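Only the coordinates and a few stated rules stand behind these numbers; no lab work does. Computed from a predicted model, the values in this text were never measured in an experiment. Heads up, the Cβs are rebuilt from the backbone with ideal geometry, glycines too, and the neighbour counts pull from every protein chain shown.
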Amino acid sequence: MDYDLIITGGTVVTAADVFSADVGIKDGRIVAIAETLAGHAAEVIDATGKLVMPGGIDSHVHLAQDGAPGIVMGDDFETGTRSAIFGGNTTVMPFCLQKKGQSLRDALTDYDQRAAGNLYCDVSYHLIVSDPDPQLIGQDLPALIAAGFTSVKVFMTYEDLRLTDYEILNVMKTARKGGAVVMVHAEGIDAIRFLNEELEAAGKTAPRYHATSRPIPVEREATNRALSLAELTNAEVMVVHVSNAGAIEEIERARKRGVKVLSETCPQYLVLTEDDLEGDALEGSKFVCSPPPRDTTSQEACWEGLENGSFDVFSSDHCPYRYDESGKLTPEAKRGGYRWIPNGIPGIETRMPILFSEGVRKGRIDLQRFVALTSTNHAKAYGLFPRKGTIAIGADADIVIWDPDLEVTISQSELHHGCDYTPYEGLAVTGWPVTTIRRGVTVVRDRKLVADKGIGLYQTRVPSASAASDGS
Ligand code: URP
Ligand code: ZN
Ligand code: ZN
């Protein structure tokens, strides 16, 4: 047999090109791309009228992540990767969270156990550093970066996760030496604490005040500070979940100074606003995430950033909590208000359709940019390229076959995550993934699951040349 699979008759899209071609797959890899492929194949998929694109890489997702006592994340590795693959993704990058007092290696063992045998797509972890003691900074983190864990997330807010500037500088220095990217959650904890006290004193505790407590200056100031710390250490940073023009301006200004900065935005900053947090009683909690969705001016700024290259990647920041006592409706949230609502919303399955419909179909971005923002640039930023993130000879056969004309109204009843709601309920989109192939195995065919869990693999990565460079 010449091929295990031929995808025939489709329009191939990469971050650089759009062309008609057949794609031949053998042993999990792409082995041929030609106008017409002859030869024997065990299986042929007719993709006439469809787009054939690199499988999505969602490089910002939270699965089976530990939270405050009593709170359970709405997705484990099984349901999260199942939802991901239905959404056209072939690789996701969840976080491995170090708890205070825990070693990074022990945290990795925990997450490996949670993932083992449960993956529908490939995964690779970012390390969340919450306790950067001298052992972590001097020994553990350098060793793990060298072993292929080439991205680290630091938080500037959340009591249990935030690092001081001094600690962030040390993480950045270690990352820079090893060639790792530092992902930064840029919101200032002191400003939020100050605003929380004011709001609480005024009795303003409904979910909508979550947005009031984290206004644009809170994000803009922290973004500026994070980028100044990056400038001091020459570290490469990824500013994640950017929500507004003020933060984008800080990123562009830092780039002009030569700071090595990548940036990310997410669907919630394109199609939700802080008005969604209004709702009755705790309904608004379904939209509580940080930074919060803002207004239509900020939405436009994020679109501009996607169009003009300010943003490198478009991720979901899938962080699901169910709308029940295990998640959004904890007794503390019911009693105490927005400060106790777990932050985060689901979106792993709807990320690509929302960008395709609102971006490509509405003429804001072209197909190549869509592929760059949803797949190729993630692979490049985090050391998976060219094995993943493109359609090329030798690359993993991670492919999504996309119906550009399929009209879908997003609805919880049609999604495959473990969460019990979607913040995008009722949003009408045009364009949807119909078949997802991961390393040559068809996992979803014509929107039906056709493979068992356990077929995803952990992906080790290489240090990034740009992260290790001195920036000159
Ligand atoms: O609200 C959010 N984004 N929760 C997820 C955790 C994070 O900060 O990424
Ligand atoms: Zn974050
Ligand atoms: Zn996140």
How much net charge surrounds GLU35 when only the other residues with a Cβ under 15 Å from the Cβ of GLU35 are counted, with Lys and Arg +1 and Asp and Glu -1? -2
In the chain, what % of DSSP beta bridges are antiparallel (nearest 5)? 45 percent
For region 443-468 and region 261-301, write down the distance between their C-alpha centroids in whole Å. 28 Å
What residues have an amide H closer than 5 Å to that of ASP4, excluding those fewer than 5 places away on the same chain, when H is modeled at 1.01 Å from N in the peptide plane? ILE25, LYS26, ASP27, ALA42
Taking only Cα atoms of region 129-179, what ratio of Rg to Rh do you get with Rh as the Kirkwood inverse-distance radius? 0.95
Region 1-144: Rg/Rh from Cα coordinates, Kirkwood Rh? 1.13
If you take the alpha carbon radius of gyration of the chain and divide it by 2.2 N^0.38 Å, what ratio comes out, to two decimals? 0.93
Run through all the Cα pairs of region 330-453 and give the fraction in each 10 Å bin from 0, expressed as whole percent. 11, 33, 35, 14, 6, 0
Between ALA186 and residues 5 or more places away or on another chain, which pairs have amide H atoms under 5 Å apart, with H built 1.01 Å from N, and which residues are they? VAL240
Can you list the residues of region 178-221 with backbone N under 16 Å from a point 7 Å past the Cα of ILE137, pointing along Cα to Cβ? 178
Can you compute the helix-only [θ] at 222 nm over the chain? Use -39500 (n - 2.57) per DSSP H run of at least 4 residues, normalise by all residues, nearest 500 deg cm²/dmol. -7500 deg cm²/dmol
Could you please state, rounded to a whole Å, how far the C-alpha centre of region 340-419 is from the C-alpha centre of region 1-47? 21 Å
Column: log10 I(q)/I(0), Debye, Cα scatterers of region 339-388, q = 0.15, 0.19, 0.26, 0.33 Å⁻¹: -0.54, -0.73, -0.94, -1.11
About its Cα centre, what dipole magnitude does the chain give when the only charges are +1 on Lys and Arg Cβ and -1 on Asp and Glu Cβ, stated in debye to the nearest 20? 880 debye
Please give me, ordered by residue number, the trypsin sites (Lys or Arg not before Pro) of region 310-369 that lie in loop per DSSP and have at most 13 other Cβ atoms within 10 Å. LYS362
ILE393 to GLU407: extension gain in nm, 0.36 nm per residue of separation minus the Cα-Cα distance? 1.8 nm
Aspartates and glutamates with Cα under 20 Å of LYS100, excluding same-chain neighbours fewer than 8 positions away: ASP66, ASP110, ASP112, ASP131, ASP133, ASP140, GLU159, ASP160, ASP165, GLU167
Going toward the positive end of the dipole of the chain, with +1 on Lys and Arg Cβ and -1 on Asp and Glu Cβ, which of ALA116, ALA42, LEU169 do you reach last? LEU169
Which of the lysines could a cross-linker span from LYS362 if the Cα-Cα distance has to be under 20 Å and same-chain partners fewer than 8 positions apart are dropped? LYS50
Gain in length, ALA16 to ASP160, computed as 0.36 nm per residue apart minus the alpha-carbon separation, to one decimal in nm? 47.6 nm
Amide H of VAL444: which non-local residues (sequence gap of 5 or more, or other chain) have their own amide H closer than 5 Å, using H built in the peptide plane? THR436, VAL450
Dipole check, the chain, charges on Cβ (K,R +1; D,E -1), about Cα centroid: among SER466, GLN368, GLY88 the Cα furthest to the positive pole belongs to SER466
Calculate the dipole size of region 19-168 relative to its Cα centre from +1 charges on Lys and Arg beta carbons and -1 charges on Asp and Glu beta carbons; express the result in debye to the nearest 20. 180 debye
Would you kindly derive the ³J(HN,Hα) couplings of region 400-416 from the backbone phi angles with the Karplus curve 6.51 cos²θ - 1.76 cosθ + 1.60 (θ = phi - 60°), listing them in order in whole Hz, with x for Gly and Pro? 10, 9, 10, 8, x, 10, 5, 9, 10, 9, 4, 8, 3, 5, 9, 8, 10
Compute the signed sum of charges (Lys and Arg +1, Asp and Glu -1) over the other residues within less than 15 Å, Cβ to Cβ, of MET1. -2
